[in-house]
Each structure stands twice: as C-alpha cells, then as structure tokens.
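Structure, as structure tokens:
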Amino acid sequence: MRTRSRFSFAAIALFLLLPLSAFPQVPDSSSTASSSEAAGGKKRLKIGVALEGGGALGLAHIGVLQWFEDHHIPIDYIAGTSMGGLVGGLYATGKSPSELKALVEKQDWDAIIDGQTSYQDLSFRHKEDQRALPNRVEFALRKGFSLPSGLNSGQGVSLLIDRATLAYTHNGSFDDFPIPFRCVATNLVTGKTVVFDHGSIAQALRSTMSIPGVFAPVRDGNNVYVDGGLLGNLPTDVVRKMGADVVIAVHLEIAPVNASKLQNLFSVLGRSVEVVIHQNELAGLAGADLVVNVDLKDFDAIDYKKAGTIIDRGSQAAAGKANILAPYTLDDAAWNAYLSQRKERVKSEVPAPQFVEVRGTGPKASQEVERFLQPLEGKPIDIPVMEDKFNQLTGIGNFDSFDYWLGERDSQTGLIVTVHEKSHEPPSLQLGFEADGSEAKDVTFTYAGRLTFQNVVGYRSEWRTDFAFGNTYSVSTELYRPFNSLSKWFFAPHAGVSNAGFRFFKVNDPVALYRLGQEDGGIDVGYEFDRFTELRVGYQAGFTSAHLNLGAAEFVSVSGRIGDIHIHFRTDHTDDPIVPRRGYNVDARFHWYDAYPGAFEPLPVLETRLEGFKPVSAKGSVFASADGGSTFGVRNTGIPLFFLGAPLRLSAYGTNELFGEQYYLFRAGYIRELLTLPPFLGKKVYIVSSYEIGKMYGVPSETKFPTDVESGVVAETALGPLFIGGSVGDSGHQKWFFQLGRVF
C-alpha cells in the first residue's frame, strides 16, 4: 500500500493502493478462442473487469463503471480486491454506478474508519468509561496481556455490506448474480490466496476488506481471512479463469515514493509492505489485455470526502481509452438486451422475518439478545431501527460486531443474526494518564487504569476496579448487579481508598498544599432508565482527613468519620465524551452527611451541572453551561465543599483560589472544528472560546462577580484529549495552561 502522505503504520496499512502503471496491449480479437451470442445473432467477446484495492482511491472504479455503461460496454465478469472487491461486489449484485455513488456520498466515513461504537449508542456504564478514560489504550486479559486482533472491529463496514446485500441468499453461487463475481482474500492460516465464488457475499466482501492490524480479521472455523491485496491486489487471473475473452484492469496511479519520507519506523515498515504488494500487482497487470490507468496522484487513500472528484477521475480515465474501448461497444438493441438479461437476475425482495435466531454466542446470551430483538419479528425490515439495536448491543461491551442475513427454518423466513464476541476480552484493562498544567509553575501527573470483569455474578453484571498513582493515589472497586438479566433496577456495593494532593494558588502564586485522604464503603440501589439516564440512591460510611503539607493554612486540618446518604441523577444526551457538538447533559448530586469532619450538625449538600450544545454550522457549535452548589445555609463545614479557579471553572483564577459553602458559575462559548487527525492517531482538532462569570459565597474574594474570557485548542488524540489555552480575567488575573484529560 502507498499513499501520498505517510502516517503511522496502521494508517498506511489501512488502504491498499497499487504502484506504477503498466502498458499491456489490446489483444488481437482473432487470437481469442471463446465468444458469446449477442442480440441480432452477432458474436461478441466476453469482457471481464478486474478492480484493485486502494481505500478511497478505489472509489474511482465507480466512475469507470459509469463510463462503461454510458458507452454501452458490457461487463460479463467482474472481480476485485479490497475496495475494488466492495465496489465490484455491489455492482455485480445489481447496484448501478449512480446508486453506488449516492451510497458512498451519504456514508459517514470518519465513523466507519474510526470503528468505534458511537458514544450515543454506548450503554450508560460504558459512557462512564469513556468519560473517565477517554483514550484508546485498552488491553485484553482473557488470554494473557494482549491487544485486539484489529484496531477496528469492522462493525461499520459490516453493516454497510449487510444492508446492501440482504436480498441475496447466504449460500448461493456468485455466478447467479446479475454479473458473475469473485473477490480475493488472504487466508492467514494457510498463507494462500482465497477466491470467494459462493456462500455469503457479505462475508466474502468483509474478508477482502479486512486490512491486517486495522480491521479485525474474518474468522470462519479454522480459517482466518484478511485483505486479499497481500497476495492478489489486481485479480486479472481470476477474471480470466471465469471465462473472459478480454480482461480489462483498472489501475490506480499514485505519486511515486519520496525517499526523504522514509525516515521513521512506521514509514519504513509501510513501504516494505508496498514493495511486497508491488510484486503481485505486476503479475496482475501483465495478465490484463487492456489497462485503464486512473491518475490519482493528488489524492490519499483516506480522502473519502473527495469521493465525487475521485469518481470523476475514473470516468475521465475511461474516456481516455475511448478509442481502444470502441470495438467493444454494443448498439442500442444489443445493449438493451444485455441490460434486460442482467435485470432479470437482480434480487430485491426482502420478506418480513417471522423469527429471529442469534448465533455465535452461548445459549444464555443468545436468548437475551433474541428477546431484545424480538420486536423485529413479523414486521417489514426497518434497516435504521434494526441497526440501531445492533449498535446498542455493541455498546454493552460484550460484542465486537453483528452480521445479519435472511434464512429459512421450518419453511419460514427469518432474520439470522451472528454476534461476534470480543475474543480477547473481557476482562479488559483501560490505561490512561493525566498531565495537569493548570499552573505553569506546578505541573502534576497522575497515571490511572480501570480493570473490568463482565458477567461475573450473572448476565450483564460488571465488576469494575479503578486505580491511580501520582498526584492522586487511589483504589476503588464496584460490583454492578442488575436484579435480573433484563432488569433496569440494579444494586452496586462499592469501596475505595484514596490520597490526593490538593493545591491552592492566589492568582499565579502557590499558597498551600494539602493532602486529602479517604477510606469508605457502601452500597447503592439504582434504576437505569435507558442508555442515557441513571438514578442512584445509597449510603456510604468511612473516614476522611485533610492535612496541610506545605504553605499557609487555608482551612484548619481536620479528620474524622463520614456518613453519607446520597442521591445521584445523571442524563447524558451529548454526542462525544470529550468535545460534544450537540445534545445536553444534566448531573445532579445530593448528599445528607450525618457525620462530616468539622461540621457540628447534619450537612446537606446539593451540586448540579447543566450543559447544552447546539450546532450552528457544519463545523461550529455554540454551548452554554450552568453550575451551582449549596449547603443550604450551613457554614461550619470543616473541609470546604466547593472550589472555583481552574481551566473551565474561572480559568484565569488560581487553582482553588475561591472556596466556600455556596457558588454558581455560568459559561457560554463557541466550538469550531479545525482539522481531522489521521486515522488511529485521533479524531478532531477544535478551537474553543468562552466567557465565564461566577460567584463564591462564604469566603472573601477580590471581586464581587469574578469573570474571565478563555480560548484554546483541543485535540482528541488516541492518548486522550489535549487542551492548550489561556485566559484573561478581572483584577489582574491571567494565565496560560494545558491539560491532558477531559475538557467539558
């Protein structure tokens, strides 16, 4: 594979392209042995087309196919690899080039390439995972410490293929398609090329698209299939064996390799893969009778947003061969007869499923998934509704992806769903770290992790253990257990111990450092309304302390028992855990402390946060948030309850500069997308600007209503969000800061 610009090895391996062009000659028709009957009794040569892989560049094949149709050039056989296999397969099953173009242009390719279940489709607990450790550093522990077999489960590609091929039988011959079809994959077990000619067309297309290390391979018994480009990226030999008299290869020309770019490990490894692929492509080009060379030197393999232009390049390339292709053009009568014959073989009927059968997992899990999908029975298939259910199931965390097709059982047609469990987990281990540069003079680091076991005391149960060390040392654990396998009610015993550094700054000057310690345990009972909303009620008891380690005391050191009856309500309808562009979020916590160090009476505490995000353009959104907290008039709280002064909480003020027993904070601003990071290195980069105004009660402050304006850049990297910004406020407050951690 080659691309014009070099990214990481995973990104390079993502989209296989072909090397330099070859110049085969058009065959002499007198040397061709076979022929076929056309309209009017005339004989014509059978034409086969081979389409090579190339990521987004492979979309040029659509333009070539469109030009062929516009100029009445029939295709009797078609074969492809990777993106060439996907385009060729969908065309062979009856999709017109115009339909393929529309299909391509409406896809969210960023989401397909990213390969992650969307944040909105995650279960409530997995939304919590994303907020707590918003990165991709995750390891499996089921079979020892390991990484998954691919960075992308392939769910997005699988759903695209399944919905496009649903009308075709799961075990028929590809010769029965409107155009006979083949696609090529590589079997990692045997080390040989596999040519798919029958069976599940969806599985065949997923196999040829499974780029090693990027998309998870397709497993079928003892066979493990990945992208066919490793051994046969231009399958002209396959087309010839199908019976073609004339083999036309569509070749994607890209910019030559620049030696100056081969400077690091990933670029050298990527180029090494290209060299291997180059050799099998030469054989493919040599096996063609005619080559359509598409000039794509100005594009990269991830340029899906330029799909229209790339498709046009394909049409232009075919037009450039018009004189050579002219002998294969059919007259109107012959062309209409060809189209009619092809149309008769198209399958489009999709009957309503009378049952749903789940395969690929254990009996208990299959039963639960079937119960969840039962509303699909007896109704015409609604693709968006059905796929939304699949996405919700992947959001639970047990499954990587879903495949579906129509099958027969007891003379009834039903929906057969195959679930692909995460072969490498659970248990799973998420790792992360936080670099807090809220104060340029005092940057702190915390390393953290989350260990998760699933189904430990029943289906959907989860045992989660968090740990951290650095500025904060902590271990906490919680066992989440639904009342039954489908219940929305749950109980959750939990316990933890922590010791954290707590800093105070006045403007930009350090004032004090405290160590806050706590050991506690308790139990919650809750109700999970849906994947967006949860309500918990519980009690916890333990011991807490706050001791001055350095500097001048901001409050008296205290220690003692805590007893806490609490209610926690949260609903999260945002679209991203790091930089939301749309949606809203409400987080409300109420505590009734029957014991709290330094407090002389029961202590009620309420703290709430409301956030809203609304797009105002394709790349811009406005947002507003309101935070507030109160102890309802109780002033002797010992350890202060509320603090302001930190990035996005009166950013210009010193860390925890304002504290007391009641506060409010309002924030409003604008988010704009700047650019997209390379796949698997991250997602987006944004600029964020906002205005903040707040008030803290119970402590003397330098201003009656502290205000500031802050602005910065947020990058959603694979290691977590990086926020670099600065703020200017009233009373001489100003500073720059950075954080690696959650932004909103």
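Brief remarks follow.
- Some residue of region 319-334 being farther than 28 Å from LEU252 by Cα and in contact with a Gly (Cβ under 6 Å, 6 or more places away or on another chain): no
- Some residue of region 421-444 being surrounded by fewer than 16 Cβ atoms within 10 Å (Cβ to Cβ), of a type in the set (D, E, K, R) and within 23 Å of ALA365 (Cα to Cα): yes
- Residues that are surrounded by fewer than 12 Cβ atoms within 10 Å (Cβ to Cβ), of a type in the set (D, E, K, R) and within 30 Å of ARG44 (Cα to Cα) do not occur anywhere in region 347-357.
- Qualifying residue in region 477-488 (condition: part of a strand (DSSP E or B) and within 30 Å of VAL443 (Cα to Cα)): yes
- When we screen GLY496, GLY551, GLY560, GLY521 for residues that are surrounded by 16 or more Cβ atoms within 10 Å (Cβ to Cβ) and small (Gly, Ala, Ser), the only hit is GLY496.
- So SER340, is it open to solvent by 30 Å² or more (accessible area, probe 1.4 Å) and on the phi > 0 side of the Ramachandran plot: no
- Of the listed requirements (1) open to solvent by 30 Å² or more (accessible area, probe 1.4 Å); (2) in a strand (DSSP E or B), TYR514 misses just one: (1).
- Residues located in region 479-500, provided they are among the small types (Gly, Ala, Ser) and touching a Leu at 6+ places or on another chain (Cβ under 6 Å): ALA500
- Residue in region 300-322 that is in contact (Cβ under 8 Å) with a residue 40 or more places away in the chain and more than 36 Å from the chain's Cα centre (by Cα) present: yes
Let's see how each residue does on (1) free of Cβ contacts under 8 Å to residues at least 12 places away in the same chain; (2) among the β-branched types (Val, Ile, Thr); (3) in contact with a helix residue (DSSP H, G or I) (Cβ under 8 Å, 6 or more places away or on another chain); (4) not in a strand (DSSP E or B):
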site: LEU429; (1), (2), (3), (4): no, no, no, no
site: PHE433; (1), (2), (3), (4): no, no, no, no
site: ASP436; (1), (2), (3), (4): no, no, no, no
site: ALA440; (1), (2), (3), (4): no, no, no, yes
site: PHE445; (1), (2), (3), (4): no, no, no, no
site: ARG450; (1), (2), (3), (4): no, no, yes, no
site: PHE453; (1), (2), (3), (4): no, no, no, no
site: TRP463; (1), (2), (3), (4): no, no, no, no
site: PHE467; (1), (2), (3), (4): no, no, no, no
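- Within region 353-368, the set of residues being touching a Lys or Arg at 6+ places or on another chain (Cβ under 9 Å) and either within 23 Å of GLN120 (Cα to Cα) or touching a residue at least 60 places away in the same chain (Cβ under 8 Å) (or both) comprises PRO353, GLN354, PHE355, GLU357, GLU368.
- Complete set of residues in region 499-511 that are on the phi > 0 side of the Ramachandran plot and buried (at least 18 other Cβ atoms within 10 Å of the Cβ): none
- Selection within region 568-612: residues that are open to solvent by 40 Å² or more (accessible area, probe 1.4 Å) and among the hydroxyl-bearing types (Ser, Thr, Tyr). The member of this set that is farthest from GLU716 (Cα to Cα) is THR608.
- Residue pairs meeting the criteria (Cβ under 7 Å; at least 6 apart or on separate chains; first under 18 Å from SER711 (Cβ atoms), in region 660-671; second basic (Lys, Arg) and open to solvent by less than 50 Å² (accessible area, probe 1.4 Å)): ILE671/ARG581
- Any hit, region 478-491, residues being exposed (fewer than 15 other Cβ atoms within 10 Å of the Cβ) and of a type in the set (S, T, N, Q): yes
- Checking each residue in region 83-118 for being hydroxyl-bearing (Ser, Thr, Tyr) and either assigned to a helix (DSSP H, G or I) or modelled with pLDDT under 90 (or both) picks out TYR91, SER98, THR117, SER118.
- Residue satisfying all of: in region 218-238; modelled with pLDDT under 85 and open to solvent by less than 30 Å² (accessible area, probe 1.4 Å); farthest from GLU253 (Cα to Cα) among these: GLY228
- Among the residues of region 369-389, just one is touching a residue at least 40 places away in the same chain (Cβ under 8 Å), crowded, with 18+ Cβ neighbours inside 10 Å and within 11 Å of LEU415 (Cβ to Cβ), namely LEU373.
- The single condition among (1) at pLDDT below 95; (2) open to solvent by less than 20 Å² (accessible area, probe 1.4 Å) that SER690 does not satisfy is (1).
- Filtering region 404-417 to residues that are in contact (Cβ under 8 Å) with a residue 60 or more places away in the chain and open to solvent by 10 Å² or more (accessible area, probe 1.4 Å) leaves TRP405, LEU406, GLY407, THR413.
The values are calculated or read from the model by the stated rules, or taken from the named source; none is laboratory data. Bear in mind the structure is a predicted one, so any value in this text is a computation, not a measurement. Note: ideal-geometry Cβ built from the backbone for every residue, glycine included; neighbour counts use all protein chains shown. Heavy atoms of the whole protein, side chains included, go into the accessibility calculation; ligands, DNA and RNA do not. Shrake-Rupley method; radii C 1.70, N 1.55, O 1.52, S 1.80 Å.
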